[in-house]
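The values are calculated or read from the model by the stated rules, or taken from the named source; none is laboratory data. Just so you know, these numbers come straight off a predicted model, no measurement behind them. Because the Cβ atoms are built from the backbone with ideal geometry, glycine has one as well, and the counts that use them run over all protein chains shown.
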Amino acid sequence: MRTFNAKPAEALAERGWYIVDAEGQPLGRLASKIATILRGKHKVTFTPHVDTGDFVVVINAAKVKATGAKMDDKLYYTHSGYVGSIKSINLRDALERKPEMPIKHAVKGMLPKNILGRQLLKKLKVYPGAEHPHAAQNPKTLPL
């Protein structure tokens, strides 16, 4: 038996589209399932150094939930590089201002920290409401 290694051209031919409804889903569990699909670990042709994953469309990102007191305790930090310019925002405010940011941030943390990880993150499409412009791709519903 030889180990199968997917070529980049082979992986492109097998791309699928999935749609995920984030309403009422815990943020971390949702992000881990999305990261698995983006990475391609659900396929038998998974190869660690090749992008074999599928596209994921997340709808209702503004209605994601968090367990415990994370809505007020979980903080997201930004820093411009200047002294004293660190800013923080909690999860509740982040969902009001930019509802797609917490999901993208959580999924990004579960992907590889290299060129492949940045390439995988481009296949994630997050929308705050129920409407999305990807109906032409016929996305399949992903059960969670």
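Brief remarks on what is shown
- Scanning segment 123-141 for residues that are within 14 Å of Ile103 (Cβ to Cβ) and either of a type in the set (A, V, I, L, M, F, W, C) or surrounded by 13 or more Cβ atoms within 10 Å (Cβ to Cβ) (or both) yields Lys123, Leu124, Lys125, Val126, Tyr127, Pro128, His132.
- Annotation for segment 85-105: at least one member residue is over 19 Å from the mean Cα position of the chain (by Cα), among the β-branched types (Val, Ile, Thr), surrounded by fewer than 16 Cβ atoms within 10 Å (Cβ to Cβ) and more than 23 Å from Glu14 (Cα to Cα).
- Counted residues, segment 1-15 - those being under 28 Å from Val58 (Cβ atoms) and either surrounded by 15 or more Cβ atoms within 10 Å (Cβ to Cβ) or of a type in the set (Lys, Arg) (or both): 3
- Tyr76 vs. criteria surrounded by fewer than 12 Cβ atoms within 10 Å (Cβ to Cβ) and either closer than 22 Å to Trp17 by Cα or of a type in the set (Ser, Thr, Tyr) (or both): no
- If you filter segment 113-122 down to residues that are surrounded by 11 or more Cβ atoms within 10 Å (Cβ to Cβ) and hydrophobic (A, V, I, L, M, F, W, C), you find that the one that is farthest from Gly16 (Cα to Cα) is Leu116.
- The single condition among (1) at pLDDT 95 or above; (2) under 20 Å from Leu144 (Cα atoms) that Lys43 does not meet is (1).
- Condition check for Gly53 on (1) of a type outside the set (Val, Ile, Thr); (2) surrounded by fewer than 16 Cβ atoms within 10 Å (Cβ to Cβ); (3) in contact with a Leu (Cβ under 8 Å, 6 or more places away or on another chain): one failure, at (2).
- Candidates Met110, Met71, filtered to the one that is surrounded by 15 or more Cβ atoms within 10 Å (Cβ to Cβ), in contact with a Ser or Thr (Cβ under 8 Å, 6 or more places away or on another chain) and more than 14 Å from Val126 (Cβ to Cβ): Met110
- Residue check for Lys41: surrounded by fewer than 16 Cβ atoms within 10 Å (Cβ to Cβ), more than 25 Å from Glu131 (Cα to Cα) and of a type in the set (Lys, Arg): yes
- Restricting Lys41, Lys65, Lys74 to those that are touching a strand residue (DSSP E or B) at 6+ places or on another chain (Cβ under 8 Å), free of Cβ contacts under 8 Å to residues at least 24 places away in the same chain and of a type outside the set (S, T, N, Q) reduces the list to Lys74.
- Count - residues of segment 113-140 that are free of Cβ contacts under 8 Å to residues at least 24 places away in the same chain and either outside any helix (DSSP H, G or I) or hydrophobic (A, V, I, L, M, F, W, C) (or both): 7
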